[in-house]
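The values are calculated or read from the model by the stated rules, or taken from the named source; none is laboratory data. Just so we're clear, the structure is a prediction, and the values are computed from it rather than from any experiment. Every residue, glycine among them, receives a Cβ derived from its backbone with ideal geometry; neighbour counts consider all protein chains shown. The area values use the complete protein model at the heavy-atom level, side chains included, leaving out ligands, DNA and RNA. Shrake-Rupley method; radii C 1.70, N 1.55, O 1.52, S 1.80 Å.
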Amino acid sequence: MELLYLAIRLALIVAAGFTVRRLHIVDDNFERQLSKFVLNLALPCLIINSLNVEFSAEDLKNGGIILLVSLGVLALLYLIGFVVFRLREKDVVGRMIHFGTVFPNFTFVGMPVVEQLYGQHGLFYFVLFTVMVRLTYYSSASPMLSGKQQGDLKSFLKNFFSAPVIAVFIGVFLYLTQLSLPEPLD
């Protein structure tokens, strides 16, 4: 029953967004501004908060295993996407299929779903699983979609050290040291 309620809540959120846009309550710029807000503020806060659990040696060991599994899954998805890309003409659609295979969009909806179903502890493991995806995404998404090699080191570092990646580092640091953010920031 919990899954049904969760599905209904998610459907209502999507319906609300669709309705707001359809009724022209927001304009064309809202989508871009909302994306910036989510990517640069809401998602980093969610990442840091999800890593705010009590330190445990067992969780740290399990987290290492999850990171390795994540890397393996990412490599497998890259290989599958690459094969599909090679079988297709090497065009824009092929690059998009390759990109979509490697980087499915499960983070924004996935985090609240995992937290609802498995609690804070499950969310902690989910965020650890997505660490490799984030690190790879911000370093290789642009070249993969454009079909061009990454530019200079400066632009690579600028793309890589995005707000979500920095949030991962902050969250892991806080987890390992068990430091807490001041109450208003928490």
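Figures for the structure shown
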read-out: Average accessible area per residue (Å²) across region 53-106 - probe 1.4 Å, nucleic acids and ligands excluded; value: 65
read-out: Protection-proxy order for peptides 157-166, 175-184, 121-130, 40-49, each taking the mean of Cβ atoms within 10 Å per residue, highest first; value: 121-130, 40-49, 157-166, 175-184
read-out: Förster radius 45 Å - calculated FRET efficiency between Leu60 and Leu34, Cβ distance, rounded to 0.05; value: 0.80
read-out: For region 31-58 and region 67-137, distance of Cα centres in Å; value: 17
read-out: Residue order for Asp59, Asp91, Asp28 - accessible surface, 1.4 angstrom probe, largest first; value: Asp28, Asp91, Asp59
read-out: Whole-angstrom Cα spans of the chain along principal axes, big to small; value: 51, 46, 38
read-out: Choice from Arg22, Arg95, Arg86 with maximal GNM fluctuation in the chain (Cα, 10 Å cutoff); value: Arg22
read-out: Estimated inter-spin distance, Phe106 and Lys90, nm [label 7 Å along Cα→Cβ]; value: 3.0
read-out: Carbon and sulfur %, accessible surface of region 54-186 computed with the full protein complex present, 1.4 Å; value: 69
read-out: Distance in nm between pseudo-label sites at Leu41 and Tyr118 (7 Å out along the Cβ direction from Cα); value: 3.0
